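First the structure, in the form of structure tokens, and then the observations on it.
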Amino acid sequence: MSVPEVHLMDRGPSRLRIPPAMDVPVTARVQRLIDTSPMRRLASISQLGLVSMVYPGAMHSRLEHSLGVYTWALRVLNQVGQQSPVEQGSANQIAEDMRASESFIVASLVHDAGHWPFCHPIEDMGQSGMPRHEERVEAMLRSGPLADALAADWSCTADDVMAIVCPKKIDQYPAATSSEHIAFYASCLSGPIDVDKLDYLQRDSLHAGVPYGRNFDPMRIIASLVRHPDRPKLAIHEKGRTAAEMMVFGRYVMFSEVYWHHTVRAATAMLQRAVHELQQSAGGEKADITEWMDLSESAWVRQFVDAADRRGGPVKSLADGLFGPTRKLLKRAAQFNVESGEDMHQMLARRPYWWLASCSQPLATSIGDAIGKPVEPELVLIDAPPVKLEVDINIDIVLRSGEVATLGDVSPVASVLANRQFDNHVKRVRVFVPEWVRDRLADLPGDSMRRWLTDAVAETEKQWA
């Protein structure tokens with residue numbers, strides 16, 4: 001590959017160093033991208049947000065992660081570029097491949113530039129009028145410092161980059177280069193095994209201080225990556241099967257033990273409910289969260305706390321519990337997954353957020369009646385898997401015979417996770433309440449919460465029928 005960043009990957013004079021002892025090759029044009037204000041802002045936004053309430057070391061930034069993804073992208077280009085079908089093609093074909101490769105480099109570096117503090121849990125709420133971070137990336141690539149750097153230094157366009165960042169919307173980017181090239185590199189950025197996961201699993205695991213996301217061999221995966229023989233997407237050779245299995249399992253455990261740890265989810269549910277209430281006009285000033293999207297994390301928290309203080313009541317209680325001088329999180333009163341409570345899980349998983357918030361009203365009433373003291377519905381939180389599913393984990397494997405099978409076909413470990421919805425196992429349905437309520441509930445029959453939830457769901461469905 002004659003892409004300068006790939007050529008200088010192991011010999012470039014200018015480097016950044018990020019954990020864990022990763023050298024990030026930086027050319028002049030890459031440095032100009034990194035130095036833009038949208039990228040610099042990522043240094044002030046934590047990658048994992050509220051996870052640090054459980055794992056205090058998980059304070060790494062989105063800029064660090066973006067640099068890691070970019071570095072893994074160069075390794076992928078170095079590997080699959082040698083398999084490029086147009087290396088001996090016409091000058092136009094080679095130029096087109098170069099343009100697609102540059103698009104992938106830029107996309108890997110700027111794909112998170114649209115993030116704002118606590119972006120993922122707020123996006124999971126699916127609120128109308130709340131732009132997704134990918135949409136903000138597009139705006140940055142079309143106007144402003146990132147757009148200027150792209151036009152000055154790179155052969156690719158905003159359409160090229162966005163077709164990789166948002167491949168499902170490729171029809172919206174008619175000026176993008178060859179759809180076959182774009183589709184391939186889109187699968188390298190977001191797919192069952194991609195440069196984003198290669199970075200965040202290891203990086204999050206390192207900073208959280210847990211081993212789960214590092215128990216696979218990333219260099220073996222890189223060495224095993226191939227272009228799919230029949231479709232424009234990434235695949236992996238059979239020799240990398242074990243490494244792929246370990247990566248898939250590592251992702252499963254990281255979701256189970258870190259991203260969806262019950263205390264992390266208690267904090268997340270509190271943030272989401274406070275944001276939801278702040279955007280309701282009833283009972284006080286309505287906050288426009290979209291106005292805070294360009295803030296650093298510390299400035300965002302100040303705006304959030306100030307707005308909650310003005311609203312008062314349970315919203316202030318939620319904000320103080322998260323960001324006040326003393327951490328005070330709601331406690332888990334019930335938990336259901338597909339093994340221990342499939343009926344409850346199916347009843348509540350992937351409901352719209354507004355519906356779950358509405359359902360907390362009759363649930364709070366039932367709980368209050370049972371313990372003999374009213375409970376504010378804003379402090380009874382139903383946390384459930386969001387509407388959006390995690391990406392498929394079933395990457396295609398190119399066998400030594402040349403035939404193609406899925407990872408689930410050749411791996412009993414991956415088969416279970418691929419064929420039994422990943423989200424249903426790692427994302428549980430939970431009910432969080434104040435500690436004093438949790439303690440009162442401990443004396444009641446074990447099936448009480450099931451009955452109350454069933455009644456609350458029936459009442460909510462009737463209300464919104």
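The values are calculated or read from the model by the stated rules, or taken from the named source; none is laboratory data. What you see is a predicted model, and the numbers here were worked out from it, not measured in a lab. With ideal geometry, Cβ positions are generated from the backbone for all residues, glycine too; neighbour counts draw on all protein chains shown. The accessibility values were calculated without ligands, DNA or RNA, using every heavy atom of the protein model including side chains. Shrake-Rupley method; radii C 1.70, N 1.55, O 1.52, S 1.80 Å.
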By residue number, the members of segment 364-383 that are open to solvent by less than 10 Å² (accessible area, probe 1.4 Å) and either under 17 Å from Arg227 (Cα atoms) or assigned to a loop (DSSP other than H, G, I, E, B) (or both) are Val380
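Has segment 250-262 got at least one residue that is in contact (Cβ under 8 Å) with a residue 24 or more places away in the chain and either in contact with an Asp or Glu (Cβ under 7 Å, 6 or more places away or on another chain) or assigned to a strand (DSSP E or B) (or both)?
Within segment 250-262, the subset in contact (Cβ under 8 Å) with a residue 24 or more places away in the chain is 250-262.
With the extra rule that they be either in contact with an Asp or Glu (Cβ under 7 Å, 6 or more places away or on another chain) or assigned to a strand (DSSP E or B) (or both), the set shrinks to 254, 258.
Yes: segment 250-262 contains one or more residues that are in contact (Cβ under 8 Å) with a residue 24 or more places away in the chain and either in contact with an Asp or Glu (Cβ under 7 Å, 6 or more places away or on another chain) or assigned to a strand (DSSP E or B) (or both).
Output yes when any residue across segment 286-298 is part of a loop (DSSP other than H, G, I, E, B) and free of Cβ contacts under 8 Å to residues at least 12 places away in the same chain, and no when none is.
Step one: filter segment 286-298 for residues part of a loop (DSSP other than H, G, I, E, B), giving 286-288, 293-296.
Applying the additional criterion that residues be free of Cβ contacts under 8 Å to residues at least 12 places away in the same chain yields 286, 288.
Yes: one or more hits.
Is at least one residue of segment 235-249 within 28 Å of Glu390 (Cβ to Cβ), among the aliphatic types (A, V, I, L, M) and touching a His at 6+ places or on another chain (Cβ under 7 Å)?
First pass over segment 235-249, keeping only residues within 28 Å of Glu390 (Cβ to Cβ): 235-249.
Retained after the next criterion (residues that are among the aliphatic types (A, V, I, L, M)): 235-236, 243-244, 246-248.
After this cut, where a residue has to be touching a His at 6+ places or on another chain (Cβ under 7 Å) as well, the list is 235.
Yes: one or more hits.
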Across (1) buried (at least 22 other Cβ atoms within 10 Å of the Cβ); (2) out of contact with any strand residue (DSSP E or B) (no Cβ under 7 Å at 6 or more places or on another chain); (3) small (Gly, Ala, Ser), Ser224 clears everything bar (2)
Confirm whether Trp354 is closer than 16 Å to Ile382 by Cβ and out of contact with any Asp or Glu (no Cβ under 8 Å at 6 or more places or on another chain).
yes
Could you tell me whether any residue of segment 23-45 is in contact (Cβ under 8 Å) with a residue 40 or more places away in the chain and acidic (Asp, Glu)?
yes
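Would you check if Ala183 is open to solvent by 10 Å² or more (accessible area, probe 1.4 Å), out of contact with any Cys (no Cβ under 9 Å at 6 or more places or on another chain) and in a helix (DSSP H, G or I)? Give the steps one after another, and end with the answer.
Details: open to solvent by 10 Å² or more (accessible area, probe 1.4 Å): yes; out of contact with any Cys (no Cβ under 9 Å at 6 or more places or on another chain): yes; in a helix (DSSP H, G or I): yes.
Criteria met by Ala183.
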Among (1) without any contact (Cβ under 8 Å) to a residue 60 or more places away in the chain; (2) over 19 Å from the mean Cα position of the chain (by Cα); (3) open to solvent by less than 30 Å² (accessible area, probe 1.4 Å), Leu63 falls short only on (2)
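Here is a check on your reading of the model: is Val387 more than 29 Å from the chain's Cα centre (by Cα), closer than 30 Å to Glu123 by Cβ, among the β-branched types (Val, Ile, Thr) and not in a helix (DSSP H, G or I)? Walk me through how you get there before you give the answer.
Numbers: more than 29 Å from the chain's Cα centre (by Cα): no; closer than 30 Å to Glu123 by Cβ: yes; among the β-branched types (Val, Ile, Thr): yes; not in a helix (DSSP H, G or I): yes.
For Val387, the condition - more than 29 Å from the chain's Cα centre (by Cα), closer than 30 Å to Glu123 by Cβ, among the β-branched types (Val, Ile, Thr) and not in a helix (DSSP H, G or I) - is not met.
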Among (1) among the hydroxyl-bearing types (Ser, Thr, Tyr); (2) under 30 Å from Ile236 (Cα atoms); (3) in contact (Cβ under 8 Å) with a residue 12 or more places away in the chain, Ser401 falls short only on (3)
The number of residues in segment 235-247 that are open to solvent by 10 Å² or more (accessible area, probe 1.4 Å) and in contact with a strand residue (DSSP E or B) (Cβ under 8 Å, 6 or more places away or on another chain) is 3
Exactly one of Met270, Met344 is of a type in the set (A, V, I, L, M, F, W, C), surrounded by 20 or more Cβ atoms within 10 Å (Cβ to Cβ), touching a Gly at 6+ places or on another chain (Cβ under 8 Å) and closer than 22 Å to Asp423 by Cβ, and that one is Met270
With criteria (1) in contact with a Cys (Cβ under 8 Å, 6 or more places away or on another chain); (2) buried (at least 23 other Cβ atoms within 10 Å of the Cβ), Asp194 comes up short on (2)
Among (1) modelled with pLDDT under 95; (2) farther than 22 Å from Asp204 by Cα; (3) small (Gly, Ala, Ser), Ala274 falls short only on (1)
Here the residues within segment 125-160 that are open to solvent by less than 60 Å² (accessible area, probe 1.4 Å), more than 17 Å from Thr36 (Cα to Cα) and in a helix (DSSP H, G or I) are His133, Glu134, Asp159, Asp160
Of the candidates Ile221, Ile236, the one satisfying the condition of being closer than 17 Å to Gly408 by Cα and either in contact with a Ser or Thr (Cβ under 7 Å, 6 or more places away or on another chain) or acidic (Asp, Glu) (or both) is Ile236
Of the residues in segment 19-37, those that are part of a helix (DSSP H, G or I) and open to solvent by 20 Å² or more (accessible area, probe 1.4 Å) come to Ala28, Arg29, Gln31, Arg32, Ser37
Just to be sure, is Gln279 within 30 Å of Glu135 (Cβ to Cβ) and surrounded by 19 or more Cβ atoms within 10 Å (Cβ to Cβ)? no
Exactly one of Phe422, Phe432 is closer than 26 Å to Arg351 by Cβ and at pLDDT below 95, and that residue is Phe422
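Among the residues of segment 114-129, are any among the β-branched types (Val, Ile, Thr) and modelled with pLDDT of 95 or more? Give the steps one after another, and end with the answer.
Restricting attention to segment 114-129, the residues satisfying the condition of being among the β-branched types (Val, Ile, Thr) are 122.
Then keep just the ones that are modelled with pLDDT of 95 or more; that gives 122.
Yes, because at least one residue in segment 114-129 is among the β-branched types (Val, Ile, Thr) and modelled with pLDDT of 95 or more.
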query: Has segment 96-108 got any residue that is buried (at least 19 other Cβ atoms within 10 Å of the Cβ), of a type in the set (Ser, Thr, Tyr) and within 17 Å of Tyr200 (Cβ to Cβ)?
result: yes
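More than 20 Å from the chain's Cα centre (by Cα) and at pLDDT below 95: is that true of Arg231 in this structure? I'd like the intermediate steps shown before the answer.
Details: more than 20 Å from the chain's Cα centre (by Cα): yes; at pLDDT below 95: yes.
Here the answer is yes, as Arg231 does meet what is asked.
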Of those in segment 1-18 that are open to solvent by 80 Å² or more (accessible area, probe 1.4 Å) and assigned to a loop (DSSP other than H, G, I, E, B), the residue modelled with the highest pLDDT is Ser2
